[in-house]
Amino acid sequence: MLIKSADDKSKRLALLESLQESPMLDSDQQAWLVRELWALREGIRGERDAAHYLDNHFASDDNLAVIHDLRLNVDGDVAQIDHLLISRGFVFYLLETKQYNGDLHINEFGEFSVSYGKGKPWGIPSPLEQSRRHQNVLVKLLARLGISGRIQKEPEFRHVVLVNPKAHIHRPVRDVFDSSNVIKADQFASWREKYVHGELSVIKTLSLFANVRGADTVKEWAQLLCRQHRSQDLLALPEFMKPREKVDAAVVPLSSAARQPQVAKPVAHQTVCATCAKPLSAAEQAFCTNNADRFDGAMLCMAHQKEYRQAKAKAKDQKPLPTTSHAEVKTMPQGLTDPRKGKLVCCACDAKISYAEGRFCWGSERRFGGLQYCRTHQVDYR
């Protein structure tokens, strides 16, 4: 019986794809983005394919509860279980999906590596050890929730690695290292049948029968675990992907030089602020270059950009721009001069927005005109 399907990760995919359009990324950030996108796409594809095979066999089977994409957080320890199956015999199957469609190598020490074509194998973390770490988190949670068998507290755990059906698995001799639980994703049903009917000892079989629970009880357990699911923040980005630096320039009195700035001579070919001579970040340089008419061609740090706009508005006896109404969002011209541009404030409703929302808009300058909006007004603006 299917209890939970995988979470929708389309927002994460859309965020990373939109970041590819940003001109503000350096080479290291671009390389991280390529790897992250590849891993996300392959992960989604692998989990989707494995879920298809599992649901085909067990979605309507009352003897097994099926949970896809279960993320648990217990005392700061996180377990991301790709697929969890719970049987009425109090057996928990933890399935780890790996979308390798090349050659998967397992040596006599249980070490895993992958190769493609004639390329050299490159080592990867053991998915079996990863699954066992997930078991440790799950055991703590089961104890807190009071989930236990009739004659034993902890269930029987079985760890299985599901790989792409097109992969080639190179195994060591079974007597040296047993890798029979590393299988292709479309073979789990037959693997489980072989385990249940062929490999269980008489004593263990009797123990499983003694622990048999009703289908309603197993369903209740699965639903209880699903309520502990903690979805991942799909819009979160690592610190590495945030702006490189922010110049904390001291606020200086506005002088005539600030109102009519003269570009300072670069120090060691470094672009500096025309007012305070502080080195400018790449983002500050790009902003001033793209808004040359706003700053009369001057290159200014973030602090003095604001001062210069205020001084220019005061000199022309201009009032600050009014708040953009909800109805005006769709008709807003590209590149509109707005004092809120570049800040974590929605240019439609003045509400505070997250860094991810702002970065999404800045990375899609053609769509949003270089301004930033909250999620609600991003949709309206489109």
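Pair-distance distribution P(r) for the range 102-189, from all Cα-Cα distances in 10 Å bins starting at 0: 15, 39, 28, 15, 4, 0 percent. Coupling constants for the range 135-145 follow from the phi torsions by the Karplus curve (6.51 cos²θ - 1.76 cosθ + 1.60, θ = phi - 60°), and in residue order they are 4, 4, 5, 5, 4, 4, 5, 4, 5, 5, 7 Hz; glycine and proline get x. Take the Cα of SER10, step 7 Å toward its Cβ, do the same at LYS219, and the gap between the two points is 2.9 nm. For GLY363, the amide hydrogen comes within under 5 Å of no other amide hydrogen, counting only partners 5 or more places away or on other chains and with H modelled in the peptide plane. In straight-distance terms, cross-link reach from LYS194 covers every one of the aspartates and glutamates whose alpha-carbon lies under 17 Å from its own, apart from those fewer than eight places away in the same chain; here that gives GLU156, ASP178, ASP186.
Stokes-Einstein at 4 °C, 1.567 mPa s, Kirkwood radius from Cα pairs: D for the range 9-94 in µm² s⁻¹? Stokes-Einstein gives a translational diffusion coefficient of 83 µm²/s.
Close amide H partners of VAL182, meaning residues 5 or more places away or on another chain with modelled amide H under 5 Å apart, are VAL161. If the label point is 7 Å along Cα→Cβ of GLU42, which residues in the range 108-127 have backbone nitrogen under 20 Å from it? Output list for this probe position: 111-127.
The simple Förster model, with R0 at 45 Å and r as the Cβ-Cβ distance, assigns ASN181 and SER27 a FRET efficiency of 0.65. Could you name the aspartates and glutamates whose alpha carbon sits less than 12 Å from that of LYS219, not counting residues in the same chain fewer than 8 places away? Cross-link targets: ASP61, ASP62. Distance between the 7 Å Cα→Cβ label points at ARG366 and SER126: 4.9 nm. Just so you know, the Cα atoms of the range 2-226 work out to an Rg and Dmax of 19.1, 65 Å. Once both labels are positioned 7 Å from their Cα atoms along Cα-to-Cβ, the gap between LEU234 and ASN73 label points is 1.7 nm. Computed from the C-beta positions of ALA189 and ALA313 and an R0 of 56 Å, the FRET efficiency is 0.20 to the nearest 0.05.
Rounded to whole Å, give me the distance from the Cα center of the range 97-129 to that of the range 36-74. Spelled out, the Cα-based centre of one part sits 21 Å from the other.
What the phi angles of the range 63-76 give under the Karplus curve with 6.51, -1.76 and 1.60, with θ = phi - 60°, is a coupling list of 8, 9, 9, 10, 10, 9, 6, 9, 10, 10, 10, 10, 6, x Hz, glycine and proline written as x. Per-residue Karplus couplings for the range 372-378, computed as 6.51 cos²θ - 1.76 cosθ + 1.60 with θ equal to phi - 60°, are listed in order as 10, 9, 6, 4, 4, 7, 4 Hz, Gly and Pro entered as x.
Distant-in-sequence amide contacts of MET299, defined by a placed amide H-H separation under 5 Å and a gap of 5 or more residues or a different chain, comprise ALA274.
Positive-end ranking of PHE90, GLY76, PRO127 along the dipole of the range 1-129, with charges on Cβ about the Cα centre, is headed by PRO127.
Coordinate-derived values only; no laboratory data. Remember, it's a predicted structure, so these values are computed and weren't measured experimentally. Methodologically, a virtual Cβ is constructed for each residue, glycine included, from the backbone with ideal geometry; neighbour enumeration extends over all protein chains shown.
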